[in-house]
1. Can you give me the number of residues within region 42-54 that are in a helix (DSSP H, G or I) and either surrounded by fewer than 16 Cβ atoms within 10 Å (Cβ to Cβ) or out of contact with any Gly (no Cβ under 8 Å at 6 or more places or on another chain) (or both)?
2. Cβ-Cβ under 8 Å, sequence separation 6+ or interchain: first residue in region 134-156 and closer than 15 Å to Glu72 by Cα and outside the structural domain of Ala229 (by TED's automatic domain parsing), partner crowded, with 18+ Cβ neighbours inside 10 Å and among the basic types (Lys, Arg). Which pairs?
3. Which members of region 1-12 meet the condition of being buried (at least 18 other Cβ atoms within 10 Å of the Cβ) and either in a loop (DSSP other than H, G, I, E, B) or without any contact (Cβ under 8 Å) to a residue 40 or more places away in the chain (or both)?
4. Quick one: is Gly34 over 21 Å from the mean Cα position of the chain (by Cα) and not basic (Lys, Arg)?
5. Would you check which residues across region 229-248 are within 13 Å of Asn216 (Cα to Cα) and either polar (S, T, N, Q) or part of a helix (DSSP H, G or I) (or both) and list them?
6. Tell me, yes or no, whether region 30-45 has at least one residue that is modelled with pLDDT of 95 or more, closer than 23 Å to Lys228 by Cα and aromatic (Phe, Trp, Tyr).
7. Taking Ser160 as the residue in question, decide whether it is among the small types (Gly, Ala, Ser), touching a helix residue (DSSP H, G or I) at 6+ places or on another chain (Cβ under 8 Å) and closer than 20 Å to Lys273 by Cα.
8. When residues of region 286-302 are filtered for being part of a helix (DSSP H, G or I), surrounded by 20 or more Cβ atoms within 10 Å (Cβ to Cβ) and not hydrophobic (A, V, I, L, M, F, W, C), how many remain?
Amino acid sequence: MKIGLTYDLQSEYIAEGWTKEEAAEFDKEETIEGLENALLKLGFEVERIGNFKSLISKIANNKWDLVFNIAEGCYGISRESQVPAILEGFKIPYTFSDPVTISVCHHKGLTKKILSFSKIKTSPFFIVEGIDDIDFVNLNYPLFIKPVAEGTGKGISSNSVVKNKDELFERIKILLNLYNQPILVEEFLPGREFTVGVIGTGKEARVIGVLEIIFNDNNSNIYSYEVKANYEKFVNYIIPKDSIVEKCKKMALEIHKILNCRDLSRIDIRIDKDGEPNFIEINPLPGLNPIHSDLPILSRLCGISYEELIERIVNSAISRYK
């Protein structure tokens, strides 16, 4: 069986003039090597395809039985859907969710709207499209702000926690200028933070584990771009054992199914002032760096090797297409 790999290589974009932060969501060579080696050990033939431009140039002569897609895409809120949409147009099987689910999940505000309609608990929120919208924000301070369509903690820092309207105005103005996209404003959740891995599709979906993010500095409990980039310095990861775990598992599995996620997703959850889990966001195309990404860390702590994780993803995709 021949598997093609689609991905965006960080070093290539930096060489083109992108800043390190602009290219933060893209993968490093070690991620591609890790994924390729895992697939080879599982007995598959592997071909590196690259980004959506490379895919287009190679697709007419393809001989792939399946494409393992981790490409983030380059432009627009629906950028993560670029590669899946191309593959669907050529009827080529691929891993992970379809273009509709990926686009919806990439827009954090739209995701919260859908899950709120489905009675999933999430912090009250408002989507600011422009400066004038701030006057319509009617939420309880402190608030938390972030761009609606960035990953890897981009646009998130200690300044994301907002205590009054003056701060809200100034900080949203900065984010609008920097990211040129709507800003999600939500009531700040002060409690513990978890990430949950769900593998499989539909009725076959299962939770593989719950990871808690423990901040080394109790006064700075924001999972920001800086923290994610230097996680060994700022946080520890543990597998929690208390009663909140089952609530997180139940919520994550339900969210995975509501949003029609396939093969694998990572759901982030935070506890509110009443001690209840709240949905933060979901990634249906989660990072798969063998050492540093949240889901491989979670899997490792739960006794699942990186190779086994990749095998489960591929088997889930194969099962869907059969």
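The values are calculated or read from the model by the stated rules, or taken from the named source; none is laboratory data. Model, not experiment: these values are computed from the prediction. For neighbour counting, all protein chains shown are included, and Cβ atoms are generated from backbone atoms with ideal geometry for every residue, glycine included.
1. First, pick out the residues of region 42-54 that are in a helix (DSSP H, G or I): 52-54.
Adding the requirement that they be either surrounded by fewer than 16 Cβ atoms within 10 Å (Cβ to Cβ) or out of contact with any Gly (no Cβ under 8 Å at 6 or more places or on another chain) (or both) leaves 53-54.
Counting residues in region 42-54 that are in a helix (DSSP H, G or I) and either surrounded by fewer than 16 Cβ atoms within 10 Å (Cβ to Cβ) or out of contact with any Gly (no Cβ under 8 Å at 6 or more places or on another chain) (or both) gives 2.
2. Listed by first residue and then by second, the contacts come to Ala149/Lys108; Thr152/Lys228; Gly153/Lys228.
3. If the condition is that a residue be buried (at least 18 other Cβ atoms within 10 Å of the Cβ) and either in a loop (DSSP other than H, G, I, E, B) or without any contact (Cβ under 8 Å) to a residue 40 or more places away in the chain (or both), then Tyr7, Asp8, Gln10 are the ones that fit.
4. No: the conditions fail for Gly34.
5. Residues of region 229-248 that are within 13 Å of Asn216 (Cα to Cα), as a first pass: 230-238.
If the condition is that a residue be within 13 Å of Asn216 (Cα to Cα) and either polar (S, T, N, Q) or part of a helix (DSSP H, G or I) (or both), then Asn230, Tyr231, Glu232, Lys233, Phe234, Asn236 are the ones that fit.
6. No, that holds for no residue.
7. yes
8. Residues flagged as part of a helix (DSSP H, G or I), surrounded by 20 or more Cβ atoms within 10 Å (Cβ to Cβ) and not hydrophobic (A, V, I, L, M, F, W, C) within region 286-302 amount to 3.
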